[in-house]
């Protein structure tokens, strides 16, 4: 009787469970109207924050409104180039989002085929002889470094404005055709020019199909101001006045693009702690900011030039300038405890002007000349890293360094006084000069708001920017220009608006440290500073036909050491790592062309290149196969300051004379390369080894006569291998 009991009991429990379940189900149906309705959580809004890479294409229109006099008897002018053509390229940037507001920075690089001609200018010399001249522009490259500020009317649409620094590489092609009875001769001169100015525009972006792909359409206006050399002449007797109109060069661009925005950031490698007691949040300097500034600058250019027409020998030089500056800045700070690091770009209009002391000298016969030199700095710009310390929450002390730029106009003037006339003649030449900039400043949070006030000092150093000539004679001694050095010292005040929570308000709860939790993986994300050194090889393949009979000179090969510093920021998305980096290097890269001996050994020609500085602004994209190793590719804008030394020796024993002309150039092009980084000993120190290829295109002036090449413009490139070490600031 005892064995069947468990069976009966199990059947009883099963029957009871079924009855209870049925009753609950019926009861639930009866009372469903009395229960609250459960709705799924609302989806998170789409985010525009993050790093992105993309491509674009479009169409551009250039207008260069200059008018240059090519003949005064009768008056004949040439100028007014209108050009148009396609553009295509790539861009990289980063967005920060706060509510509906989106702010960011972007770098872009475009190849272009924007071409156009002036109207022909015809000179009639009589006897059936005419000269027809045409000036043409061909824009090969465009680039910009810009801040962006926008608004999202919906989660997937962004409307924005943008402004910053613009660059172009264009070729001026001057064509002359001589028509004479039985003779037609065509000469073509090609001159490469790098010009800088400002760029501004508007655009719209849309997220495509709920993915990380973003489409865009945008309009950009580039303004390079007056890029032409201008001449003005005033004859007081008999009173003829004439001059060039230097005009203004602008480019308007419409383009569409497609970008890929990287996803969620990878977790940081810093130790993570469990929550301890809550504490008050300190003020934070981290975030994107935009602002305006104004101040005063002092410029010194210490060159001394020998005047070739002066009898006896006379010199002129030493320009001291001063004036106001005003402009805007954009940047981003990252905060690590009391340490603050950041990147900033700025653009300033300037009224820094000055003149050398005029020199009066006898020229020839009874003619007297009064010569003058003047500088007018119209624009200044920088791209800098910043590193600071907060002794208290609302005060930041910082140092800053990076690449500096100026647009300066040099005015060379001469007043010629003779018995029958007095004539004033001036030549105005625009230059874009680059060098390094460094300084220090202090910032303070204003009234617990997002406004930040600052006072800072900046020192710009452009090195020797003047052309110089030296002459050594046996017998006779030596005469040489002093190329001096050009620098600007600037004091300015500024106010910026920092996006995000008010700078002095607690943006998030902050807890004291509890027990440490192991980090999920090492992280490459963060701000870093470093130094590097290596070796570089330059090749300039131009060839120039000189002398009679013609002989070939050119093909400069140079090599030497490279050393400098770099600064950047990286973002990590899983194993993918993206970033932005700027660097500056001094170099000892120097080399010669072939030595050309002519006229039975009486003439010896040699050309030398000396690369003084290199700089880049690049995007980086890499993959981390392990937590401590990163492989990456990199590409962006490249700059070089190089000097061309043209040497000619006249040998006629026992006499000998050597003339050397030194001309500085700032050239721009593209750079691309690959590298590898490794974390050292589990610390914040990172070693790197990288290869970079710089390409500056054809930087020489080219000449052809009747389709016969007199100067083959070739191509200038550079290969650099360098090692470096960086320190990545630890996360808070």
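The values are calculated or read from the model by the stated rules, or taken from the named source; none is laboratory data. It should be emphasised that the depicted structure is a prediction, and the values quoted were computed from it without experimental measurement. Glycine also receives a Cβ, built like all others from the backbone with ideal geometry; neighbour counts cover every protein chain displayed.
Key figures
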| quantity | calculated |
| --- | --- |
| Answer residue from the range 317-363, given it is over 27 Å from residue 224 (Cβ atoms) and within 25 Å of the chain's Cα centre (by Cα) and is surrounded by the fewest Cβ atoms within 10 Å (Cβ to Cβ) among those | 334 |
| Hey, residue 659 in a loop (DSSP other than H, G, I, E, B), touching a residue at least 24 places away in the same chain (Cβ under 8 Å) and out of contact with any helix residue (DSSP H, G or I) (no Cβ under 9 Å at 6 or more places or on another chain) or not | no |
| Among the residues listed as 392, 367, the single one being out of contact with any strand residue (DSSP E or B) (no Cβ under 7 Å at 6 or more places or on another chain), surrounded by fewer than 15 Cβ atoms within 10 Å (Cβ to Cβ) and farther than 20 Å from residue 300 by Cβ | 392 |
| Pick from the range 452-481, criterion modelled with pLDDT of 95 or more and over 25 Å from the mean Cα position of the chain (by Cα), ranking: farthest from residue 304 (Cα to Cα) | 452 |
| Residue in the range 25-38 that is under 30 Å from residue 210 (Cα atoms) and modelled with pLDDT under 95 present | yes |
| Those residues of the range 654-664 which are surrounded by fewer than 17 Cβ atoms within 10 Å (Cβ to Cβ) and touching a strand residue (DSSP E or B) at 6+ places or on another chain (Cβ under 7 Å), in sequence order | 655, 656, 657, 659, 661, 663 |
| Considering residues of the range 404-444 that are under 30 Å from the mean Cα position of the chain (by Cα) and more than 30 Å from residue 612 (Cβ to Cβ) only, the residue surrounded by the most Cβ atoms within 10 Å (Cβ to Cβ) | 443 |
| Test: residue in the range 627-637 that is more than 23 Å from residue 54 (Cα to Cα) and in a strand (DSSP E or B) | yes |
| Residue identified as crowded, with 17+ Cβ neighbours inside 10 Å, modelled with pLDDT under 95, over 28 Å from residue 98 (Cβ atoms) and assigned by TED's automatic domain parsing to the domain that holds residue 391 among 305, 373 | 305 |
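Residue by residue, here is whether (1) crowded, with 16+ Cβ neighbours inside 10 Å; (2) more than 25 Å from residue 618 (Cα to Cα); (3) modelled with pLDDT of 95 or more holds:
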| position | (1), (2), (3) |
| --- | --- |
| 652 | no, yes, no |
| 674 | no, no, yes |
| 685 | no, no, yes |
| 689 | no, no, yes |
| 702 | yes, yes, no |
| 706 | no, yes, no |
| 717 | yes, no, yes |
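For (1) under 25 Å from the mean Cα position of the chain (by Cα); (2) within 30 Å of residue 416 (Cα to Cα), each residue gets a yes or a no:
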| position | (1), (2) |
| --- | --- |
| 202 | yes, no |
| 205 | yes, no |
| 213 | no, no |
| 219 | yes, no |
| 231 | no, yes |
| 262 | yes, no |
